[in-house]
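**Q** Input: one structure, supplied below.
The values are calculated or read from the model by the stated rules, or taken from the named source; none is laboratory data. Keep in mind that this is a model prediction, so the values were computed, not measured. Note: ideal-geometry Cβ built from the backbone for every residue, glycine included; neighbour counts use all protein chains shown.
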Amino acid sequence: MKHVESIALCCALAACVQTPVKETVRICDERGCSDRPRDSVSFDPGEDLDTESERRLAALQALARKDPRAAYDLGLRLFRGDGVRQDSYQALRWMRDAAERGDIEAQKAVGRLYLTGLEEMGSDPREAEKWLGIAAGRGDAEAKRLLAEARALKRSEIEYRRWADHWRGIFYGYWYSGYPYRAYWRHGYWYFY
C-alpha cells in the first residue's frame, strides 16, 4: 500500500511541476486553422507547388525575352502581384527592358514610375524626363503632357513634392487596375489581344 501511495504522490508532484510552455500562433492553411508552436515549420519543400502558375510564369518570361509587349505584361503582373509574387524591383526591370526595346507604353510607364517614385525607390526626374521625352518624341500625347509637367516641376522642389503626393496614389491606382494587359493565357499558351 505504501508503494502505491508513493507512486500516486510522485504522479501528483509531476503534475504540479510545470513544463515550459512554448508560445503558439494561430496558423490557417489548406488543412484548416490550428494553434502551433511559434517555431514550427509549415513549408514542406516536397509539397507539390502550383505547377500551372509556374508554367504560365515561365512561358511569359520566355516570351518576354523575345517580345517587348510580353515584357511589359510581365512587368505589370509583377507590379500588381497578379499570378506571381509581387516584386517591384523585377517589375521595373522588365518594364525598362520593354522600354529599351522600343515599346512606347513601357517607355511612358518607366517615365511615370521614375517621375513619381516606386515604393521604396524615390523619384528620379532626370530618368523620368529621358523616358517621357522618348515617348513624347514618338507622338504620344500623354507623354508630352507628363514631360511638360516634369520639366516645370524640376524648377521647384516644393511644387514637385505637392505634385508627387497628389499623383502617386492615382498613378498606383491605374497600375493596379487601369492599365490593361496585352496577353492572355489560354490552352497552355500566351496570346496577344
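**Q** With respect to ARG145, is the statement that it is of a type in the set (Lys, Arg), in contact with a Ser or Thr (Cβ under 8 Å, 6 or more places away or on another chain) and on the phi < 0 side of the Ramachandran plot true?
**A** Answer is no for this residue.
**Q** A follow-up question, please. Residue pairs, Cβ under 7 Å, 6 or more apart or interchain, first in region 175-192 and in contact (Cβ under 8 Å) with a residue 40 or more places away in the chain, second crowded, with 16+ Cβ neighbours inside 10 Å and polar (S, T, N, Q). List them.
**A** No pair meets every condition.
**Q** Regarding TYR184, is this residue of a type outside the set (Gly, Ala, Ser), surrounded by fewer than 13 Cβ atoms within 10 Å (Cβ to Cβ) and closer than 29 Å to GLU52 by Cβ?
**A** Criteria met by TYR184.
**Q** If the requirement is being of a type outside the set (Val, Ile, Thr) and either more than 27 Å from the chain's Cα centre (by Cα) or surrounded by 13 or more Cβ atoms within 10 Å (Cβ to Cβ) (or both), which of these qualifies: GLY169, GLY122, GLY139?
**A** GLY139
**Q** List the number of the failed condition for ALA109; all other conditions in (1) under 20 Å from the mean Cα position of the chain (by Cα); (2) free of Cβ contacts under 8 Å to residues at least 60 places away in the same chain hold.
**A** The failed condition is (2).
**Q** Restrict the check to region 58-79 and report whether at least one residue is surrounded by 14 or more Cβ atoms within 10 Å (Cβ to Cβ) and modelled with pLDDT under 80.
**A** no
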